[in-house]
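The structure appears right after this line, and notes come after that.
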Amino acid sequence: MMIQDLGRMALRSLSANRLRSALTMVGIVVGVAAVIAVMAVGEGARAAVAQQIRALGASLIIVTSGAGFQSGLRLGAGTTSNLSEADADAIQNEIPEAVTASPFLRTQAQVLGNGTNTATSVFGADNRFLTAREWDVEIGRRFDAEESRSGETVALIGRTVAGLLFPEQNPIDEQIIIRGVPLRIIGVLAVKGQSMVAQDQDDLVIVPIDVVRRRIIGGNPTGDGSVGAILVKAEDGAVLSETSQSVRALLRQRHRLVSDQEDDFQLRNLTEIMNAVASSANAVSLLLAAVAAISLFVGGVGIMNMMLVAVTERIPEIGLRLAIGATRANILAQFLAEAGLLAATGGAVGVAIGWGLAAAIAAIAAWPTLIAAHHVLGALLFSALVGLVFGFVPALRASRLDPIVALRSLS
């Protein structure tokens, strides 16, 4: 029997009981729609995390100051200033895998310019910061070597700050004032977007680190050259965990920490953070997919029940077909085709509904969704497999009917 003949016969049989066929597909439809929507949300979340990690900078390790103590109590991380520009230089010069090590300071300040003002993040850094963050200058230029070394009062601004202070003009060579310090704008940074914690990365001003240390933050009570953190960019292909261990060993040596002393700094590997977030997203997706699979199982049971009823109702038909030469394999194939077509149709409807659910989630909850082609194909194939598996018992029962007994039911 040709496949197209099986398809036509299966379609004709299912069309004879449209309502019952539609109700039987409900479980498959719900299960597949749930799987597609869940996978779309999970893939979207992973893609968003990966994009945000790339926006921060690929192969990046963040070194921050450790926790300080006051009256015997441990304070939060970053409450001491035990990192220095010299530490950054040592990392860059002594660790082969480190492409660059960028020391920086950060503070919050009010920025005045063009007759208006805004509160923003002010970073004290040099061009290594842009290299580590893989950040381009869209308009203007970077700091030159003399400006970084001598602490010229110049600034790079993010696109958000540029839009707030200079909405309809080119800000290059315009002046802004931060805590009474006039700064000349020499460049506008390319757009980075939001970070993983929904923070606008373009809402910032970058100023030579010495200007921030001496004039904006105000003094340097912990010693010359201290910084708040260091960004270490590893070379492509480097194993970040091994690079992190090299950075840790070098800083412990420079800070004269003995073996029983804990680190006075902290290391964060952004790739490990991304992997942890991705693992959490995978676990949640698998859990929800398992719940959705229950609907597919229920749908499969529904298909089995319907096909058993169909076999009972069509005993005379089966007897006639067997009597005029149909083989038991033909009968088995016919009922399997009906079950598979029923499940595949339910799967296709479920994919369409799941696609719509994913789009609704993206629109209403502002949650990123991404539907992968292999998920759609997998859902369709799995739904068809459910039909074949649960339809096998009724099909086998139909193929084993005694034609004489079946024909007697005609009388």
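The values are calculated or read from the model by the stated rules, or taken from the named source; none is laboratory data. Model, not experiment: these values are computed from the prediction. Neighbour counts run over all protein chains shown; Cβ positions are idealised from the backbone, glycine included.
So, in the range 93-109, how many residues would count as being over 29 Å from the mean Cα position of the chain (by Cα) and outside any strand (DSSP E or B)?
Looking only at that region, the number is 4.
Of the residues Ala343, Ala363, Ala323, Ala384, which is within 35 Å of the chain's Cα centre (by Cα) and farther than 22 Å from Leu14 by Cα?
From the options Ala343, Ala363, Ala323, Ala384, the qualifying one is Ala363.
What about Leu156, is it assigned to a strand (DSSP E or B) and within 32 Å of the chain's Cα centre (by Cα)?
For Leu156, the condition - assigned to a strand (DSSP E or B) and within 32 Å of the chain's Cα centre (by Cα) - is met.
Please state which one of Ala229, Ala198 is at pLDDT 90 or above, within 34 Å of the chain's Cα centre (by Cα) and aliphatic (A, V, I, L, M).
Ala229
Just to check your reading of the model, which residue among Glu168, Glu134 is more than 19 Å from Ile230 (Cα to Cα) and surrounded by fewer than 17 Cβ atoms within 10 Å (Cβ to Cβ)?
Glu168
Of (1) over 29 Å from Lys233 (Cα atoms); (2) buried (at least 21 other Cβ atoms within 10 Å of the Cβ), Ile186 satisfies all except one. Which?
(1)
Can you name the number of the only condition in (1) surrounded by 14 or more Cβ atoms within 10 Å (Cβ to Cβ); (2) assigned to a helix (DSSP H, G or I) that Gly356 fails?
All conditions pass for Gly356, except number (1).
Table: residues versus (1) surrounded by 18 or more Cβ atoms within 10 Å (Cβ to Cβ); (2) modelled with pLDDT of 90 or more; (3) farther than 12 Å from Leu231 by Cα; (4) out of contact with any Phe, Trp or Tyr (no Cβ under 8 Å at 6 or more places or on another chain).
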residue	(1), (2), (3), (4)
Glu85	yes, yes, no, yes
Pro96	no, yes, yes, yes
Arg106	no, yes, yes, no
Glu138	no, yes, yes, yes
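Condition check: at pLDDT below 80 and either in the same structural domain as Thr312 (by TED's automatic domain parsing) or of a type in the set (Val, Ile, Thr) (or both). Does Val386 satisfy that?
Criteria not met by Val386.
Six or more apart or on different chains, Cβ atoms under 7 Å: show the pairs whose first residue is in the range 367-384 and in contact (Cβ under 8 Å) with a residue 12 or more places away in the chain and whose second is among the charged types (D, E, K, R) and part of a helix (DSSP H, G or I).
Leu370/Glu43; Ala372/Glu43
Any chance you could count how many residues in the range 141-187 are closer than 15 Å to Val211 by Cα and of a type in the set (S, T, N, Q)?
So the count comes out to 3.
Would you point out the residue of the range 159-216, among those that are among the charged types (D, E, K, R), free of Cβ contacts under 8 Å to residues at least 60 places away in the same chain and not in a helix (DSSP H, G or I), that is farthest from Phe129 (Cα to Cα)?
Glu168
Looking at (1) surrounded by 20 or more Cβ atoms within 10 Å (Cβ to Cβ); (2) at pLDDT below 90, find the lone condition where Val205 falls short.
Every condition holds for Val205 apart from (2).
Go through (1) assigned to a loop (DSSP other than H, G, I, E, B); (2) more than 25 Å from Ser59 (Cβ to Cβ) and name the single condition Phe143 misses.
Only one criterion in (1) assigned to a loop (DSSP other than H, G, I, E, B); (2) more than 25 Å from Ser59 (Cβ to Cβ) is unmet by Phe143, namely (2).
List pairs: first residue in the range 1-23 and assigned by TED's automatic domain parsing to the domain that holds Ala348, second residue modelled with pLDDT under 75 and in a helix (DSSP H, G or I) anywhere in the structure, Cβ distance under 7 angstrom, at least six positions apart or on different chains.
Once the first residue is assigned by TED's automatic domain parsing to the domain that holds Ala348 and sits in the range 1-23, its partners that are modelled with pLDDT under 75 and in a helix (DSSP H, G or I) give Ser21/Leu14.
So which residues in the range 367-401 are assigned to a loop (DSSP other than H, G, I, E, B) and in contact with a Gly (Cβ under 6 Å, 6 or more places away or on another chain), if there are any at all?
Pro368, Thr369, Leu370 - these are the residues of the range 367-401 that are assigned to a loop (DSSP other than H, G, I, E, B) and in contact with a Gly (Cβ under 6 Å, 6 or more places away or on another chain).
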